[in-house]
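Report on the structure given below.
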Amino acid sequence: MNKNRDIDLARFLAGEMSVKEEIAFRNEVESNPKQQSELNNMEKTWKYFDENPSSGNGNSSKAWGKLHRRLEADGLLEEQPAGTGIKHILPALKIAASIMLILAIGIPTLYFGIIRNNENGPDQSHSSEKGVSTINLPDGSRIYLNEGAEISYPPAFNLERTVDLKGEAFFEVMSDPVNPFTVRSGKVVISVLGTSFNVKRSGLAPEVEVFVKMGKVRMSMEHSGQFITLEPGEMGRFESQNLTRLVQKDPNYMSWKTKDFKFVDAELLEVLQELEESYHVKIHPDQVELHDMKITTSYSEQSIDAILETIGAAFGLAISHREDGYYLTN
């Protein structure tokens, strides 16, 4: 690596880069598999030392000597006024220098010795068999699993924040500039620092949707250089081996989680379909013709029974609940 490359790497590991800078840096690194592998190891090494400052790995005095000579050769030290007899690191590079010091201690020994041992063991997995389940991850992030969804992640989650998802889930990610959060769903990889977003993949279908509520999200195709960056209110969609960006305009897109609904001159048939998907129930119009019925209303965190009662009252329909779902009758 050259001098500028060293500085970029140090700023990245120290969390000094902006989101835009980090995305550009990661794009550059990901184009080189060897650099990507080295960066992953460095991230895990720095994360371990940050959480274990007294681990005692390596000879810090010897490492500092190497670092000092490297900084001096690269021109990263500045002379103090005559008489001081010492050199000081530029203020903007203090954090970078400390990271380079840690890297000088010896990545291979630490990575293959300590961190690899921590990664042994089976992946953790959670599923939501009925309704919405809330999962609190070891790093403080939270996941809301829609019914039928499943996630899995490595036991050393704080060192590698990677989640595999089947189905639909909403993520509230704790910020950690050193260790980005990654979600894999089908052929799609979603990378973030700290934000909230929704990922949806139905069954074994290849299509994947990503909706961003807060922050920025990088959505990319696995084993491909194609990616898009999404901002709040935007949706990314993977279909037919392509990524597209669009604005999410459906006010009920997140209703499965929030149980908040807004309908404006909506077909009653579409309303009932939305309620079925959000509450995971079956609603049967028993010989009731719904095509000419429309409704304008909103609901907030109400039960499906309460909502159907109001709909029944509005259209003069009787509501009954049986084992296989709800029935609407004249």
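Derivation of every value follows stated rules applied to the coordinates shown; laboratory data play no part. Because the structure is a prediction, the values reported are computed rather than measured. Heads up, the Cβs are rebuilt from the backbone with ideal geometry, glycines too, and the neighbour counts pull from every protein chain shown.
Values for this structure:
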item: Over region 124-247, equivalent-ellipsoid semi-axes from the Cα gyration tensor in Å; result: 20, 17, 14
item: Calculated on alpha-carbon atoms, Rg and Dmax of region 192-330 in Å; result: 18.3, 57
item: Packing rank of 236-247, 167-178, 262-273, 135-146, where each peptide gets the mean count of other beta carbons within 10 Å, highest leading; result: 167-178, 135-146, 262-273, 236-247
item: Subset of Lys130/Lys216; Lys216/Lys249; Lys20/Lys249; Lys216/Lys262 violating a 24 Å alpha-carbon distance limit; result: Lys130/Lys216; Lys20/Lys249; Lys216/Lys262
item: Estimated dipole of region 150-235 in Debye, rounded to 20 [Cβ of Lys and Arg +1, of Asp and Glu -1, Cα centre]; result: 60 debye
item: For region 255-329: relative contact order, % (alpha-carbon pairs under 8 angstrom, 6 or more apart); result: 37 percent
